[in-house]
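The values are calculated or read from the model by the stated rules, or taken from the named source; none is laboratory data. Remember, it's a predicted structure, so these values are computed and weren't measured experimentally. All Cβ positions, even for glycine, are placed from backbone atoms using ideal geometry, and neighbour counts span all protein chains on display. The accessibility values were calculated without ligands, DNA or RNA, using every heavy atom of the protein model including side chains. Shrake-Rupley method; radii C 1.70, N 1.55, O 1.52, S 1.80 Å.
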Amino acid sequence: MAITVQHNYFEDDDTAFAEIEQDGYHGSKFEAQPSGGTAIHWHDVSMHIYITSGTFRFQDPSTNEIHECVAGTRFDIPERTLHIEEDHNGYTAIAGMSKKNVPQPFVRPPAELNT
């Protein structure tokens, strides 16, 4: 499966939480502090992310496309899919995770992808 990004997708938190529940995912709202980014990595969980404020940028290494996600954007990253977090000034979002207990460590390096 591929990363998908949908701009102007939703308008309120209730819509995001309803979709997360409908998909059988586990949702929570969070505030991400400013970051210098995270090198190429993957997660052992599928995610639906709904940006509620600020801007989040990430790169899809399979296409080299950089996605700029602002309020109203939903993006989906399938489990075990490589991606790169670009630097950002902070944002808030609602995250839907495919697993209630998210495997740790959350950020995994590419070398561990085939283990």
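Charge dipole (Cα centre; +1 on Lys/Arg Cβ, -1 on Asp/Glu Cβ; no other charges) of the chain amounts to roughly 360 debye. For region 1-84, the solvent-accessible area of protein heavy atoms averages 54 Å² per residue (probe radius 1.4 Å; ligands and nucleic acids excluded). Here region 34-73 is scanned for amide nitrogen atoms under 20 Å from the site 7 Å beyond the Cα of ASN8 along Cα-to-Cβ, giving 50-56, 67-73. When only alpha carbons are used to place a centre, region 7-58 and region 72-103 end up 5 Å from one another.
Think of the chain as a dipole: +1 on every Lys or Arg Cβ, -1 on every Asp or Glu Cβ, centred on the Cα centre; then among ALA2, PRO103, THR92, PRO103 lies furthest on the positive end. Each 10 Å bin from zero up to the one holding the largest Cα-Cα distance in the chain carries the following percent of pairs: 14, 48, 34, 3. With helices as the sole contributors, the chain gives -2500 deg cm²/dmol at 222 nm; each DSSP H run of n ≥ 4 counts as -39500 (n - 2.57), and the sum is divided by every residue. If R0 is 22 Å, what FRET efficiency do you get for ALA32 and ARG80 from their C-beta distance, rounded to 0.05? With a Förster radius of 22 Å, E is 0.50.
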